[in-house]
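First comes the structure, then the notes that go with it.
The values are calculated or read from the model by the stated rules, or taken from the named source; none is laboratory data. No experiment lies behind these values; they were computed from the predicted model shown. A quick note on method: Cβ atoms are made from the backbone with ideal geometry, for glycine too, and the neighbour counts reach across all protein chains shown.
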Amino acid sequence: MTETVFTYAAPGLKFGPGASAEIGHDLAATGARRVLLITDAGVAATGHPARIADQMSDRGLTVTTYDAARVEPTDESMRDAITFARDAGPFDAIVAVGGGSSIDTAKAVNLLTTNPGELLDYINKPVGAGRAPSEPLLPLVAVPTTTGTGSESTTICVLDVLAQQVKTGISHPRLRPTQAVVDPDLTVSQPAMVTAAAGMDILCHALESYTARWYADFDAKTPEQRVPYCGANPIADLWSEKALSMLSGSFRTAVRDGSDREAREQMAMAATFAGLGFGNAGVHIPHANAYPIAGRVRGYRPEGYPDDEPIVPHGMAVSMTAPAAFRFTFEASPERHLHAARLLDPDAAGDGPDLLPGVLTTLMRDIGLPNGLAEVGYGDADVDGLVTGSLQQQRLLATAPREVTGDDLAAVFRGSMEHW
(Lines give C-alpha, C1' and ligand atoms only; values in the text may rest on other atoms or scores of the structure.)
Protein backbone atom coordinates (compact mmCIF):
# COMPACT_ATOMS: atom_id res chain seq x y z
CA MET A 1 0.00 0.00 0.00
CA THR A 2 1.37 3.44 -0.92
CA GLU A 3 1.10 6.71 0.97
CA THR A 4 -2.04 8.85 0.67
CA VAL A 5 -1.15 11.63 3.14
CA PHE A 6 1.33 14.49 2.98
CA THR A 7 2.10 16.96 5.74
CA TYR A 8 2.93 20.65 5.78
CA ALA A 9 4.12 22.95 8.55
CA ALA A 10 5.79 26.36 8.73
CA PRO A 11 6.83 28.95 11.32
CA GLY A 12 5.06 32.25 11.73
CA LEU A 13 6.55 34.72 9.26
CA LYS A 14 7.22 38.44 9.40
CA PHE A 15 8.87 39.72 6.21
CA GLY A 16 10.07 43.11 5.01
CA PRO A 17 12.55 45.94 5.56
CA GLY A 18 12.46 46.94 9.22
CA ALA A 19 10.81 43.72 10.41
CA SER A 20 13.66 42.98 12.82
CA ALA A 21 12.80 46.13 14.83
CA GLU A 22 9.54 44.52 16.00
CA ILE A 23 10.95 41.43 17.72
CA GLY A 24 10.90 43.01 21.18
CA HIS A 25 7.25 43.96 20.83
CA ASP A 26 6.30 40.47 19.66
CA LEU A 27 8.20 38.64 22.39
CA ALA A 28 7.01 40.92 25.18
CA ALA A 29 3.44 40.18 24.11
CA THR A 30 4.06 36.47 24.78
CA GLY A 31 5.07 37.14 28.37
CA ALA A 32 8.75 36.40 27.81
CA ARG A 33 11.10 38.28 30.12
CA ARG A 34 14.60 36.71 29.74
CA VAL A 35 15.93 36.24 26.21
CA LEU A 36 19.11 34.60 24.91
CA LEU A 37 20.37 36.16 21.67
CA ILE A 38 22.71 33.92 19.64
CA THR A 39 24.91 35.24 16.83
CA ASP A 40 28.48 34.99 15.52
CA ALA A 41 31.38 37.42 15.69
CA GLY A 42 31.12 38.50 12.06
CA VAL A 43 27.42 39.29 12.28
CA ALA A 44 27.95 40.96 15.66
CA ALA A 45 30.42 43.32 13.99
CA THR A 46 27.64 44.63 11.70
CA GLY A 47 25.81 46.03 14.71
CA HIS A 48 22.51 44.32 13.87
CA PRO A 49 22.46 41.99 16.90
CA ALA A 50 23.25 44.83 19.31
CA ARG A 51 20.50 46.98 17.79
CA ILE A 52 17.99 44.13 18.09
CA ALA A 53 19.09 43.49 21.69
CA ASP A 54 18.65 47.18 22.54
CA GLN A 55 15.20 47.22 20.96
CA MET A 56 14.21 44.18 23.02
CA SER A 57 15.57 45.84 26.15
CA ASP A 58 13.46 48.90 25.38
CA ARG A 59 10.42 46.60 25.61
CA GLY A 60 11.41 45.48 29.12
CA LEU A 61 13.19 42.26 28.16
CA THR A 62 16.47 41.18 29.76
CA VAL A 63 18.81 40.09 26.97
CA THR A 64 21.92 37.93 27.25
CA THR A 65 24.04 37.73 24.08
CA TYR A 66 26.20 34.82 22.94
CA ASP A 67 28.29 35.98 19.97
CA ALA A 68 30.64 33.01 19.50
CA ALA A 69 28.56 30.77 17.22
CA ARG A 70 30.90 29.19 14.68
CA VAL A 71 30.50 29.58 10.93
CA GLU A 72 29.85 25.97 9.84
CA PRO A 73 29.16 24.68 13.39
CA THR A 74 30.81 21.61 14.90
CA ASP A 75 29.76 19.41 17.78
CA GLU A 76 32.48 21.14 19.79
CA SER A 77 31.26 24.68 19.00
CA MET A 78 27.67 23.72 19.75
CA ARG A 79 28.66 22.21 23.09
CA ASP A 80 30.35 25.52 23.98
CA ALA A 81 27.13 27.39 23.19
CA ILE A 82 25.02 24.89 25.13
CA THR A 83 27.29 25.17 28.16
CA PHE A 84 27.07 28.97 28.02
CA ALA A 85 23.27 28.85 27.85
CA ARG A 86 22.97 26.34 30.68
CA ASP A 87 25.20 28.48 32.90
CA ALA A 88 23.54 31.80 32.02
CA GLY A 89 19.91 30.61 31.98
CA PRO A 90 17.14 29.92 32.43
CA PHE A 91 15.54 31.82 29.55
CA ASP A 92 12.01 32.30 28.30
CA ALA A 93 12.89 32.59 24.60
CA ILE A 94 15.80 32.46 22.16
CA VAL A 95 16.53 34.83 19.28
CA ALA A 96 19.03 33.77 16.59
CA VAL A 97 20.51 36.55 14.44
CA GLY A 98 22.80 35.41 11.62
CA GLY A 99 23.17 32.85 8.89
CA GLY A 100 22.25 29.20 9.08
CA SER A 101 25.19 28.60 11.41
CA SER A 102 23.81 30.87 14.13
CA ILE A 103 20.25 29.64 13.65
CA ASP A 104 21.33 25.99 13.75
CA THR A 105 23.39 26.66 16.88
CA ALA A 106 20.32 28.22 18.47
CA LYS A 107 18.26 25.13 17.61
CA ALA A 108 20.80 22.89 19.34
CA VAL A 109 20.94 25.20 22.37
CA ASN A 110 17.15 25.23 22.55
CA LEU A 111 17.01 21.44 22.43
CA LEU A 112 19.75 20.78 24.97
CA THR A 113 18.64 23.40 27.51
CA THR A 114 15.08 22.05 27.62
CA ASN A 115 15.71 18.31 27.26
CA PRO A 116 17.98 15.83 29.09
CA GLY A 117 21.06 14.24 27.58
CA GLU A 118 23.86 15.40 25.32
CA LEU A 119 24.30 16.33 21.67
CA LEU A 120 25.12 12.85 20.32
CA ASP A 121 21.93 11.49 21.88
CA TYR A 122 19.90 13.55 19.38
CA ILE A 123 22.11 13.55 16.26
CA ASN A 124 20.61 11.54 13.42
CA LYS A 125 21.44 7.85 13.10
CA PRO A 126 23.87 6.26 12.35
CA VAL A 127 26.20 9.02 13.58
CA GLY A 128 24.22 9.59 16.78
CA ALA A 129 21.38 7.90 18.65
CA GLY A 130 18.59 9.82 16.90
CA ARG A 131 16.60 10.39 20.11
CA ALA A 132 13.44 12.51 19.86
CA PRO A 133 12.96 15.37 22.35
CA SER A 134 10.72 14.45 25.27
CA GLU A 135 10.07 18.00 26.54
CA PRO A 136 8.73 21.16 24.88
CA LEU A 137 11.28 23.66 23.53
CA LEU A 138 11.37 27.42 24.10
CA PRO A 139 9.99 29.90 21.55
CA LEU A 140 12.73 30.49 18.96
CA VAL A 141 12.77 33.57 16.72
CA ALA A 142 15.08 33.15 13.72
CA VAL A 143 16.41 36.30 12.04
CA PRO A 144 18.48 35.40 8.94
CA THR A 145 21.21 37.78 7.83
CA THR A 146 22.19 35.69 4.81
CA THR A 147 19.92 34.74 1.93
CA GLY A 148 20.22 31.03 1.53
CA THR A 149 20.06 28.42 4.24
CA GLY A 150 16.31 28.48 4.90
CA SER A 151 17.12 27.38 8.46
CA GLU A 152 14.55 29.90 9.72
CA SER A 153 11.84 27.64 8.21
CA THR A 154 13.12 24.14 8.84
CA THR A 155 13.24 21.39 11.43
CA ILE A 156 16.93 20.66 10.88
CA CYS A 157 20.17 21.74 12.48
CA VAL A 158 23.42 20.86 10.69
CA LEU A 159 26.86 20.36 12.24
CA ASP A 160 30.24 18.67 11.78
CA VAL A 161 31.04 15.79 14.11
CA LEU A 162 34.78 16.27 14.32
CA ALA A 163 35.83 12.85 15.58
CA GLN A 164 34.01 11.12 12.72
CA GLN A 165 34.92 13.71 10.04
CA VAL A 166 31.28 13.87 8.97
CA LYS A 167 28.72 16.60 8.60
CA THR A 168 25.32 15.49 9.83
CA GLY A 169 22.40 16.94 11.72
CA ILE A 170 19.50 16.74 14.11
CA SER A 171 16.02 16.60 12.65
CA HIS A 172 12.73 16.86 14.51
CA PRO A 173 9.58 18.99 14.07
CA ARG A 174 10.12 20.66 17.47
CA LEU A 175 13.33 22.26 16.19
CA ARG A 176 11.38 24.43 13.72
CA PRO A 177 11.56 28.10 14.81
CA THR A 178 8.39 29.58 16.23
CA GLN A 179 8.77 32.68 14.07
CA ALA A 180 10.94 33.66 11.12
CA VAL A 181 11.69 37.39 10.91
CA VAL A 182 13.12 38.11 7.47
CA ASP A 183 14.46 41.66 7.12
CA PRO A 184 16.20 42.13 3.73
CA ASP A 185 18.05 45.18 5.06
CA LEU A 186 20.17 42.83 7.20
CA THR A 187 21.64 41.16 4.09
CA VAL A 188 23.03 44.24 2.32
CA SER A 189 26.51 43.84 3.84
CA GLN A 190 26.79 40.20 2.71
CA PRO A 191 29.97 39.74 0.60
CA ALA A 192 29.64 38.65 -3.03
CA MET A 193 30.95 35.11 -2.51
CA VAL A 194 28.70 34.62 0.51
CA THR A 195 25.75 35.77 -1.63
CA ALA A 196 26.81 33.36 -4.39
CA ALA A 197 27.26 30.34 -2.11
CA ALA A 198 24.14 31.01 -0.05
CA GLY A 199 22.16 31.65 -3.22
CA MET A 200 23.13 28.23 -4.56
CA ASP A 201 21.74 26.79 -1.34
CA ILE A 202 18.41 28.49 -2.10
CA LEU A 203 18.53 27.19 -5.64
CA CYS A 204 19.28 23.60 -4.63
CA HIS A 205 16.64 23.68 -1.90
CA ALA A 206 14.07 24.57 -4.53
CA LEU A 207 15.38 22.16 -7.18
CA GLU A 208 15.81 19.21 -4.86
CA SER A 209 12.41 19.56 -3.22
CA TYR A 210 10.75 20.02 -6.62
CA THR A 211 12.45 16.92 -8.05
CA ALA A 212 12.19 14.82 -4.87
CA ARG A 213 10.34 11.54 -4.79
CA TRP A 214 6.59 12.18 -4.94
CA TYR A 215 4.94 11.71 -1.54
CA ALA A 216 2.46 9.12 -2.84
CA ASP A 217 5.29 6.91 -4.14
CA PHE A 218 6.45 6.09 -0.61
CA ASP A 219 5.10 3.15 1.37
CA ALA A 220 2.19 4.11 3.59
CA LYS A 221 3.19 5.34 7.06
CA THR A 222 1.50 5.14 10.41
CA PRO A 223 1.10 8.45 12.30
CA GLU A 224 4.12 7.78 14.52
CA GLN A 225 6.30 7.05 11.47
CA ARG A 226 5.79 10.44 9.83
CA VAL A 227 8.91 12.58 9.35
CA PRO A 228 9.30 16.25 8.37
CA TYR A 229 10.50 15.33 4.85
CA CYS A 230 7.47 13.70 3.23
CA GLY A 231 8.50 14.06 -0.45
CA ALA A 232 7.42 16.40 -3.22
CA ASN A 233 3.81 17.46 -2.80
CA PRO A 234 1.40 20.07 -4.23
CA ILE A 235 2.00 22.75 -1.58
CA ALA A 236 5.79 22.46 -1.51
CA ASP A 237 5.78 22.60 -5.33
CA LEU A 238 4.20 26.07 -5.26
CA TRP A 239 6.92 27.47 -3.00
CA SER A 240 9.72 25.83 -4.97
CA GLU A 241 8.51 27.00 -8.38
CA LYS A 242 8.09 30.57 -7.16
CA ALA A 243 11.57 30.55 -5.59
CA LEU A 244 13.12 29.40 -8.89
CA SER A 245 11.39 32.12 -10.88
CA MET A 246 12.48 34.79 -8.39
CA LEU A 247 16.09 33.60 -8.54
CA SER A 248 16.02 33.86 -12.31
CA GLY A 249 15.66 37.62 -12.12
CA SER A 250 17.67 38.49 -9.00
CA PHE A 251 20.54 36.07 -8.37
CA ARG A 252 23.17 37.41 -10.73
CA THR A 253 22.24 41.01 -9.86
CA ALA A 254 22.55 40.43 -6.10
CA VAL A 255 26.04 38.93 -6.53
CA ARG A 256 27.18 41.66 -8.91
CA ASP A 257 25.75 44.58 -6.90
CA GLY A 258 25.10 43.84 -3.26
CA SER A 259 23.65 47.33 -2.75
CA ASP A 260 20.74 46.60 -5.10
CA ARG A 261 17.97 46.48 -2.51
CA GLU A 262 15.34 45.14 -4.89
CA ALA A 263 17.56 42.17 -5.77
CA ARG A 264 18.36 41.62 -2.08
CA GLU A 265 14.65 41.60 -1.22
CA GLN A 266 13.92 39.14 -4.02
CA MET A 267 16.73 36.85 -2.83
CA ALA A 268 15.48 37.02 0.77
CA MET A 269 11.98 36.13 -0.34
CA ALA A 270 13.26 33.32 -2.57
CA ALA A 271 15.22 31.90 0.36
CA THR A 272 12.11 31.97 2.54
CA PHE A 273 9.91 30.41 -0.13
CA ALA A 274 12.46 27.68 -0.87
CA GLY A 275 12.70 26.96 2.86
CA LEU A 276 8.95 26.63 3.15
CA GLY A 277 9.09 24.13 0.29
CA PHE A 278 12.07 21.93 1.14
CA GLY A 279 11.35 22.08 4.87
CA ASN A 280 8.43 19.80 4.11
CA ALA A 281 9.27 18.01 0.84
CA GLY A 282 12.93 17.38 1.59
CA VAL A 283 16.23 17.54 -0.29
CA HIS A 284 18.28 14.70 -1.72
CA ILE A 285 21.56 13.94 -3.54
CA PRO A 286 23.32 17.35 -3.72
CA HIS A 287 22.71 17.96 -0.01
CA ALA A 288 23.74 14.43 0.96
CA ASN A 289 26.97 14.92 -1.00
CA ALA A 290 27.56 18.34 0.54
CA TYR A 291 28.08 16.89 4.00
CA PRO A 292 31.30 14.98 3.24
CA ILE A 293 32.50 17.74 0.86
CA ALA A 294 32.34 20.25 3.72
CA GLY A 295 33.38 17.79 6.41
CA ARG A 296 36.59 16.60 4.70
CA VAL A 297 37.90 19.95 3.43
CA ARG A 298 41.65 20.44 3.72
CA GLY A 299 43.07 23.69 2.38
CA TYR A 300 40.33 25.65 0.61
CA ARG A 301 39.59 29.18 1.88
CA PRO A 302 36.95 31.13 -0.09
CA GLU A 303 36.90 34.90 -0.34
CA GLY A 304 34.47 36.63 2.01
CA TYR A 305 34.59 33.97 4.73
CA PRO A 306 36.75 33.73 7.87
CA ASP A 307 40.26 32.73 6.78
CA ASP A 308 41.44 31.19 10.04
CA GLU A 309 40.78 27.64 8.84
CA PRO A 310 39.75 25.78 5.66
CA ILE A 311 36.08 25.80 4.77
CA VAL A 312 33.77 24.85 1.93
CA PRO A 313 30.61 26.82 2.79
CA HIS A 314 27.46 24.74 2.87
CA GLY A 315 25.79 26.30 -0.17
CA MET A 316 28.99 25.99 -2.19
CA ALA A 317 29.36 22.36 -1.12
CA VAL A 318 25.79 21.64 -2.19
CA SER A 319 26.36 23.19 -5.60
CA MET A 320 29.54 21.22 -6.38
CA THR A 321 27.72 18.03 -7.41
CA ALA A 322 24.33 19.52 -8.34
CA PRO A 323 24.78 19.47 -12.16
CA ALA A 324 25.85 15.82 -12.22
CA ALA A 325 23.22 14.86 -9.64
CA PHE A 326 20.37 16.34 -11.68
CA ARG A 327 21.70 14.64 -14.80
CA PHE A 328 21.42 11.37 -12.84
CA THR A 329 17.87 12.05 -11.57
CA PHE A 330 16.52 13.30 -14.91
CA GLU A 331 14.98 10.00 -15.97
CA ALA A 332 12.79 9.88 -12.86
CA SER A 333 10.84 13.02 -13.85
CA PRO A 334 12.01 14.59 -17.13
CA GLU A 335 9.17 17.10 -17.23
CA ARG A 336 10.05 18.51 -13.79
CA HIS A 337 13.74 18.86 -14.62
CA LEU A 338 12.94 20.63 -17.90
CA HIS A 339 10.37 22.92 -16.29
CA ALA A 340 12.80 23.86 -13.50
CA ALA A 341 15.50 24.68 -16.06
CA ARG A 342 13.12 27.02 -17.91
CA LEU A 343 12.01 28.71 -14.70
CA LEU A 344 15.67 29.54 -14.07
CA ASP A 345 16.38 30.47 -17.69
CA PRO A 346 13.30 31.13 -19.84
CA ASP A 347 15.53 31.09 -22.93
CA ALA A 348 16.97 27.64 -22.21
CA ALA A 349 16.59 25.41 -25.27
CA GLY A 350 16.56 21.63 -25.38
CA ASP A 351 14.65 18.72 -23.93
CA GLY A 352 17.24 16.28 -22.63
CA PRO A 353 19.11 15.44 -19.43
CA ASP A 354 21.81 18.08 -20.08
CA LEU A 355 19.46 21.07 -20.06
CA LEU A 356 19.23 21.66 -16.30
CA PRO A 357 22.93 20.87 -15.66
CA GLY A 358 23.84 23.32 -18.43
CA VAL A 359 21.70 26.09 -16.91
CA LEU A 360 23.30 25.45 -13.51
CA THR A 361 26.92 25.45 -14.71
CA THR A 362 26.38 28.67 -16.68
CA LEU A 363 24.96 30.33 -13.58
CA MET A 364 27.75 29.00 -11.35
CA ARG A 365 30.39 30.34 -13.74
CA ASP A 366 28.64 33.73 -13.95
CA ILE A 367 28.56 34.20 -10.16
CA GLY A 368 32.18 33.13 -9.64
CA LEU A 369 31.84 29.76 -7.93
CA PRO A 370 34.71 27.25 -8.09
CA ASN A 371 34.89 25.08 -11.19
CA GLY A 372 34.07 21.80 -9.50
CA LEU A 373 35.49 19.62 -6.76
CA ALA A 374 39.06 19.81 -8.05
CA GLU A 375 39.18 23.55 -7.41
CA VAL A 376 38.21 23.11 -3.74
CA GLY A 377 40.90 20.48 -3.23
CA TYR A 378 39.44 17.08 -4.10
CA GLY A 379 40.63 14.46 -6.56
CA ASP A 380 39.83 10.97 -7.71
CA ALA A 381 41.57 9.46 -4.68
CA ASP A 382 39.01 11.17 -2.43
CA VAL A 383 35.94 9.69 -4.12
CA ASP A 384 35.62 6.59 -1.94
CA GLY A 385 35.69 8.67 1.24
CA LEU A 386 33.18 11.14 -0.15
CA VAL A 387 30.84 8.31 -1.13
CA THR A 388 31.09 6.83 2.36
CA GLY A 389 30.16 10.17 3.89
CA SER A 390 27.25 10.66 1.53
CA LEU A 391 25.86 7.17 2.19
CA GLN A 392 25.60 8.10 5.86
CA GLN A 393 22.92 10.63 4.88
CA GLN A 394 20.18 8.05 4.30
CA ARG A 395 17.52 10.45 5.64
CA LEU A 396 18.24 12.63 2.58
CA LEU A 397 18.94 9.92 0.03
CA ALA A 398 15.59 8.32 0.85
CA THR A 399 13.95 11.38 -0.72
CA ALA A 400 15.82 11.03 -4.03
CA PRO A 401 13.54 10.26 -6.98
CA ARG A 402 15.74 7.28 -7.96
CA GLU A 403 17.37 4.62 -5.84
CA VAL A 404 20.97 5.69 -5.22
CA THR A 405 23.85 3.22 -4.86
CA GLY A 406 27.45 3.83 -3.89
CA ASP A 407 28.46 3.36 -7.51
CA ASP A 408 25.94 5.99 -8.57
CA LEU A 409 27.35 8.46 -6.06
CA ALA A 410 30.91 7.69 -7.16
CA ALA A 411 29.92 8.52 -10.75
CA VAL A 412 28.34 11.80 -9.60
CA PHE A 413 31.46 12.78 -7.64
CA ARG A 414 33.80 11.88 -10.50
CA GLY A 415 31.58 13.79 -12.92
CA SER A 416 31.82 16.87 -10.69
CA MET A 417 35.59 17.37 -10.62
CA GLU A 418 35.27 20.07 -13.32
CA HIS A 419 32.11 21.72 -14.66
CA TRP A 420 33.40 23.78 -17.56
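Condition first: touching an Asp or Glu at 6+ places or on another chain (Cβ under 9 Å), within 26 Å of Leu238 (Cβ to Cβ) and not assigned by TED's automatic domain parsing to the domain that holds Ser101. Can you find one or more residues in segment 341-351 that meet it? Yes; the residues of segment 341-351 include at least one that is touching an Asp or Glu at 6+ places or on another chain (Cβ under 9 Å), within 26 Å of Leu238 (Cβ to Cβ) and not assigned by TED's automatic domain parsing to the domain that holds Ser101.
Residues being crowded, with 20+ Cβ neighbours inside 10 Å and under 16 Å from the mean Cα position of the chain (by Cα) are represented in segment 126-143 by at least one member.
Condition first: within 18 Å of the chain's Cα centre (by Cα), among the hydroxyl-bearing types (Ser, Thr, Tyr) and either surrounded by fewer than 23 Cβ atoms within 10 Å (Cβ to Cβ) or at pLDDT 95 or above (or both). Can you find one or more residues in segment 65-76 that meet it? There is at least one residue in segment 65-76 that is within 18 Å of the chain's Cα centre (by Cα), among the hydroxyl-bearing types (Ser, Thr, Tyr) and either surrounded by fewer than 23 Cβ atoms within 10 Å (Cβ to Cβ) or at pLDDT 95 or above (or both).
For segment 223-247, the tally of residues that are farther than 12 Å from Phe6 by Cα and at pLDDT below 95 stands at 2.
The listed residues are Asp217, Asp160, and the only one of them that is in contact with a helix residue (DSSP H, G or I) (Cβ under 9 Å, 6 or more places away or on another chain), of a type in the set (Asp, Glu) and over 17 Å from Ala9 (Cα atoms) turns out to be Asp160.
Listed by position, the helices (runs of 4 or more DSSP H) inside segment 315-369 whose residues that are in contact with a strand residue (DSSP E or B) (Cβ under 7 Å, 6 or more places away or on another chain) number at least 1 form an empty set. Being buried (at least 21 other Cβ atoms within 10 Å of the Cβ), at pLDDT 95 or above, of a type in the set (Gly, Ala, Ser) and under 23 Å from the mean Cα position of the chain (by Cα) is a property that does not hold for Ala32.
Results for (1) assigned by TED's automatic domain parsing to the domain that holds Ala106; (2) without any contact (Cβ under 8 Å) to a residue 12 or more places away in the chain; (3) part of a loop (DSSP other than H, G, I, E, B), shown as yes or no for each residue.
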{"site": "Thr4", "(1), (2), (3)": "no, no, yes"}
{"site": "Thr7", "(1), (2), (3)": "no, no, yes"}
{"site": "Leu27", "(1), (2), (3)": "yes, no, no"}
{"site": "Asp54", "(1), (2), (3)": "yes, yes, no"}
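Of all residues assigned to segment 108-125, at least one qualifies as being part of a helix (DSSP H, G or I), under 22 Å from Pro292 (Cα atoms) and in contact with a strand residue (DSSP E or B) (Cβ under 7 Å, 6 or more places away or on another chain). Taken across segment 252-272, residues that are in contact with a His (Cβ under 7 Å, 6 or more places away or on another chain), outside the structural domain of Val161 (by TED's automatic domain parsing), surrounded by 24 or more Cβ atoms within 10 Å (Cβ to Cβ) and touching a residue at least 24 places away in the same chain (Cβ under 8 Å) do not occur at all. Scanning segment 374-393 for residues that are in a helix (DSSP H, G or I) and under 13 Å from Ala410 (Cα atoms) turns up Asp380, Ala381, Asp382, Val383, Asp384, Gly385, Leu386, Val387, Thr388, Gly389, Ser390, Leu391. Selection of first residues in segment 382-403 that are outside the structural domain of Ala294 (by TED's automatic domain parsing) and of a type in the set (S, T, N, Q) and of second residues that are part of a helix (DSSP H, G or I) and surrounded by fewer than 23 Cβ atoms within 10 Å (Cβ to Cβ), restricted to Cβ pairs under 8 Å at least 6 apart or on distinct chains, gives an empty result. Restricting attention to segment 190-232, report how many residues are among the polar types (S, T, N, Q) and farther than 29 Å from Thr145 by Cα. Qualifying residue count, segment 190-232: 2. Does at least one position in segment 347-356 carry a residue that is free of Cβ contacts under 8 Å to residues at least 60 places away in the same chain, at positive phi and surrounded by fewer than 20 Cβ atoms within 10 Å (Cβ to Cβ)? The answer is yes, given that some residue of segment 347-356 is free of Cβ contacts under 8 Å to residues at least 60 places away in the same chain, at positive phi and surrounded by fewer than 20 Cβ atoms within 10 Å (Cβ to Cβ).
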